[in-house]
Structures are given as structure tokens and as C-alpha cells.
1. Within 12 Å, Cβ to Cβ, of F240, how many net charges do the neighbouring residues add up to if Lys/Arg are +1 and Asp/Glu are -1?
2. Run the reach check for K541 against aspartates and glutamates, Cα to Cα strictly under 12 Å, same-chain hits fewer than 8 apart removed. What comes back?
3. Taking the mean number of other Cβ atoms within 10 Å as a proxy for protection, how do you rank 126-133, 387-394 from highest to lowest?
4. Work out Dmax and Rg for region 463-547 from the C-alpha atoms and quote the Rg first, both in angstrom.
5. Return the subset of K213/K234; K391/K566; K16/K87; K213/K327 for which the Cα-Cα distance in this structure is over 19 Å, preserving the input order.
6. Using only the Cα atoms of region 350-564, build the gyration tensor, take square roots of its eigenvalues as a ≥ b ≥ c, and label the shape rounded, prolate or oblate: rounded if a/c is under 1.5, else prolate if a/b is larger than b/c, else oblate.
Amino acid sequence: MKLDFFDIIPREFRAKGVGVAVTVFVRALLNFVGLAALLPILYLILDSESMHSNALLHAVYEKLGFVADNHFVIAVAVAVVAFIVVKNLINLMLYRVERDYIYTLYRHLSRTLFIGYFAQGLQFVKRENSAILSRNVNVVCYTFITGVLRPMATLVSEILLLLMIFLSIAIYSPIGAVLAVAVFIPVAWLYFGLMRIRLDRYGNVENEAQRRKYRDVIETFRGYADVEINNAFKHRLSLFDREIDTIVKVGRKNATISMLPQNLTETGLVVGMALLLALGTTMEATDMKLLFGVFAVAGLRLLPSARNIMGAWSALRYNRYTIDILKDTKNKSCRKSERYTAERLSFNEAIEVRNLSFRFENGSRDTLHNLSLTIRKGEKIGINGESGAGKTTLLNILLGLYVPTEGGVYVDGVQLNEELLRKWQNSIGYVSQNTFLADSTILANIALGDDERDVDMAQIERCIEASSLSEFISSLPNGVHTRIGECGALLSGGQRQRIGIARALYKQADILFFDEATSSLDNATEHSINCAIEALSNANKDLTIVVVAHRDSSLSYCDRIVTLDKI
């Protein structure tokens with residue numbers, strides 16, 4: 001099986017991976033030595049005279065000055081037990097290295113994928129399904145770690161141990177080695193040959209079903225009102241049932257497959273012992289007992305080792321779809337440097353849109369073509385036009401969320417580029433038609449992105465007052481610390497928009513952008529919010545306001561109105 005996952009592992013983790021590989025080897029060696037430590041006890045059990053007939057045991061007996069055989073037997077047993085305990089403690093410490101490496105890598109992959117998706121921009125986020133992106137970040141990365149890397153470490157460790165045991169048996173008894181090969185190779189071939197294609201298919205089928213189920217659940221809860229009013233839950237539930245039936249069906253098959261290694265290896269061990277007994281009729285009794293005992297002790301470790309190898313291999317095949325997903329997302333990732341800065345781009349004169357054109361990816365025509373526009377500091381500019389004319393597209397370009405196909409945006413004569421983008425976005429405030437609200441408190445949503453310990457409460461109070469939220473918040477038992485539910489579900493439309501305005505004001509932005517901010521509100525609420533926006537402008541003559549709207553009533557307070565024509 002080709003596991004081309006090394007490209008997924010970041011360079012900074014590859015060197016550490018060598019160290020982890022060393023610990024895997026050492027653990028396998030320790031397990032082998034631990035198994036070998038049982039042989040003296042085996043000798044003493046099967047042949048009590050071996051402490052004198054065996055040259056090594058007799059030398060130890062004489063060197064340590066034993067005079068009683070029973071004392072020597074007890075000492076050997078205690079020494080073996082002590083060694084096994086120490087060996088297991090060392091194994092645990094070595095395993096911590098492997099464990100810490102794997103879960104640190106998981107954190108890095110999940111975080112990097114989250115950043116990578118976000119960095120690809122608004123077009124990508126709108127084009128892709130958010131449920132699938134979320135599952136890739138939260139589930140696929142974890143499954144890759146626990147379902148691919150951990151089984152790979154297990155596979156390597158157990159194969160090394162298996163080879164050591166086999167070589168030891170071959171040295172002690174070539175007949176035993178031949179029997180081991182004759183028994184376990186056909187068992188392994190039978191399992192791997194029959195299960196390889198099935199496991200690949202089952203893993204892919206389950207992944208696709210999980211993605212669809214994840215999407216269906218999120219969409220159902222997100223659209224609860226429409227689903228309930230249109231009596232659509234039965235249909236949504238049928239979609240859910242179909243996917244979960246697929247998952248259960250595949251899971252049952254995989255559960256059956258996961259039991260096969262134990263059954264096959266146990267059968268192989270019994271067959272091997274039976275063959276050994278049949279061949280042992282021509283051997284002396286003592287040699288036969290020792291050979292059978294060695295094979296039995298080795299078998300006790302071979303059995304779980306072979307089972308672990310098959311189980312790890314099954315997990316690798318079943319979860320290999322994660323490799324394709326992570327490789328694909330890495331290849332498509334538009335990685336940008338993480339630019340966290342509090343600096344602002346100076347805005348003292350005007351914003352200029354110069355000969356700007358924009359076409360969506362895979363679009364057949366420009367949404368905006370050769371557009372030029374000047375917005376002077378302190379102006380209130382309205383942008384309207386029929387649906388599809390590019391109003392929101394223009395706003396997204398001004399916000400730095402879309403990159404123009406041609407032309408550019410200039411602030412005080414300086415063209416916005418990737419290096420200046422973060423500073424520009426620090427200088428602006430934004431209120432959309434569907435204001436983003438986290439499932440948190442009013443305070444956290446106004447001071448979005450700030451740790452609560454760092455919030456300027458005096459500024460919060462001023463913003464609440466300016467956005468006409470004071471009366472509402474004062475009526476709440478927990479005030480600004482009241483939780484507002486998912487997407488602000490516990491608030492009215494007007495309250496959600498006012499929190500958006502308060503958030504923009506909290507940034508002390510030089511320019512405020514409103515994208516259809518009142519289009520979904522009733523006339524009275526729209527009027528009150530428009531009055532609040534106008535009052536903000538009157539209170540701060542240097543504040544620049546750009547409003548996108550399709551209703552003239554939302555633009556009544558603007559100094560100028562720019563009408564976009566559909567191309």
C-alpha cells in the first residue's frame with residue numbers, strides 16, 4: 001500500500017519524526033528483550049535440572065554463590081519481574097515522546113488548515129460548503145492523526161518486533177521458524193488480499209456519508225423556521241436517515257473485519273502448535289518440550305503482534321481518504337503570512353477607485369468594468385443600483401475582501417495591496433445585512449476579537465449610547481454580559497444591527513461601511529437606525545460613511561448617491 005503522506009507533514013516536524021522513529025525501534029527492542037527474559041523461567045519450568053545442565057544458567061548460579069536450587073529459582077523469577085516492570089516504565093516514557101509528537105502535529109495541522117481556508121478569501125468561503133470545511137478542520141485532521149499516523153507507528157513497531165522474534169526462533173530452531181512462516185504468511189496474505197479493496201471502499205463511503213450528514217444537520221438547524229413552516233423536517237430527517245444507515249452499514253462491516261485478525265491469528269497459532277506436536281514425535285521429550293515451550297512463549301507475543309499489525313493496517317486503509325483530503329487542501333491552499341498588527345492606515349483626504357474591473361473566478365463576464373469613483377473624507381456616500389449591478393461586490397473590494405481583476409483602490413494616493421490590507425481593515429468599520437454574531441455575550445460581540453480583560457468599558461458605554469442600545473441593555477438582568485444565542489437568535493433584527501453599529505464604533509473607525517444594513521428591517525426600525533447613523537455623522541464631521549442599499553429611504557441622509565448600472 002502506498003502511503004504518500006510525508007508531504008502532509010510539515011518540514012519542522014520531519015526532523016522530530018526521526019527521533020520518534022528511534023523511540024519506536026527502542027520500544028520494539030525492549031519488548032523483544034522482555035520476551036527473551038521469560039526464557040530462563042521457561043527453562044526452569046520445563047527442565048528443573050537446566051540450572052546445572054545449561055552453561056549460562058549454571059555460570060550465573062555459581063557466580064552469584066547460590067547453594068540452594070529453590071533460592072536460585074526465586075531469584076530468577078524476581079529478577080525477571082523487576083526487569084519487566086522497569087522495561088514497561090521505560091516503554092511508557094518512550095511512548096510519551098510518540099504521543100506528544102502526534103498530538104502536537106494534530107494541533108499544527110488543524111490550525112494550519114483553519115488558517116489556510118480563511119486565507120483563501122471570501123470567494124473561496126462562499127463557494128465551498130462551510131459544514132465540509134468545518135469537518136475537515138475538526139474531524140479529518142484528528143482522524144489522520146489517530147487513524148493513520150498512530151497505526152503507522154504501531155505497524156512499524158510490531159513488524160520490527162515480529163522480525164526479531166522470527167530471527168530468534170530461526171536461530172534456536174529452524175523448524176520452528178519454518179512453521180511460523182508456513183502458518184502466519186498464508187493467514188496474512190489471505191487477510192490483506194481479501195480486505196484491501198474493501199477497506200478502501202468502506203472508508204471512502206463512510207467519509208462521504210459523514211460529510212453529507214454533517215451538512216444536513218447544520219443546514220436543518222440553520223434553517224429551522226423555514227423547515228418547520230414548510231413541514232420539511234420529515235424530508236430532512238429522511239436525508240439524515242439515509243446517510244446514517246450508510247454509516248451504520250459500513251460500520252458493521254468494518255467491525256466484522258476488525259475481528260478477523262484475532263480469529264485468523266489464533267487459528268494460525270493452534271495450527272502451528274498442532275504441526276509442531278506432529279513433528280515432535282521424532283524428537284526427544286526434553287527437546288520437544290523446550291521447543292514447544294519456546295514456540296508457545298513466542299506465540300503469546302506473536303499473536304497480539306500479528307493482530308496489531310493487521311488492525312493497524314486495516315485502520316490505515318480505512319482512513320487513507322484523510323491523506324487525499326489533506327494533500328488536496330494543502331495543494332490548493334493560498335497561504336498568507338499571519339499579519340497581526342494594531343497599526344492603522346492613515347486616511348486624511350480621499351479613497352479613489354481607479355479604472356477598476358472585477359470578474360469572479362470562473363465568471364464569464366465582468367461584474368464591474370472600468371469603474372472610477374472618489375470618496376472624500378467626511379462624506380456620506382450612497383451606492384445603489386439594480387440587483388446584480390455589483391453594489392456588494394464593490395463594497396467587498398473597498399473592504400479588501402476581493403482583489404480587483406484590473407485597476408485598484410487608493411487611500412490618500414497609496415494603492416491598497418496585501419501588505420497594507422490589515423492596516424486598512426483596522427481603520428474601517430463594517431455592518432452587513434446579516435451582522436455576524438457569535439454565540440457569546442453582548443460585550444464580546446461589540447468588542448469582537450478582544451479579550452474581555454482588555455476591553456475599554458468606558459468606550460463600550462459610549463458605543464452603546466451612540467447606537468441607541470442603552471435602554472435595551474439596561475433592561476437585561478446581566479446587562480452587557482447577557483448571552484445572545486447562536487447568530488444572535490435571542491435578539492430582534494434591529495438589536496442585531498445596533499450591535500453591529502456599536503462594534504464598528506468601538507473600533508473608532510475612520511470610515512463606516514453599511515451593506516444593506518436595514519433592508520431586512522421594518523420601516524420604523526429602519527428609520528430609527530438611519531437616524532442613529534445620521535446622528536453619528538453629525539456628531540463627527542470627519543467620519544466617512546459609505547452605504548449600499550436598494551431602498552431610497554436608506555440613502556436619504558447621504559451627500560451623494562452613486563448608481564451602478566448592470567453590465
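Each value in this text was obtained by applying a stated rule to the coordinates, not by laboratory testing. Note that the structure is predicted; figures quoted are calculated from it, not measured. Glycine gets a Cβ as well: all are built from the backbone with ideal geometry, and neighbour counts include every protein chain shown.
1. Working: positive: R212, K213, R215, K234, R236, R242; negative: D216, E219, D241, E243, D245.
So the environment of F240 carries a net charge of +1.
2. E379, D510
3. 387-394, 126-133
4. Looking at region 463-547, its Cα Rg and Dmax stand at 12.9, 37 Å.
5. K16/K87; K213/K327
6. The shape class here is prolate.
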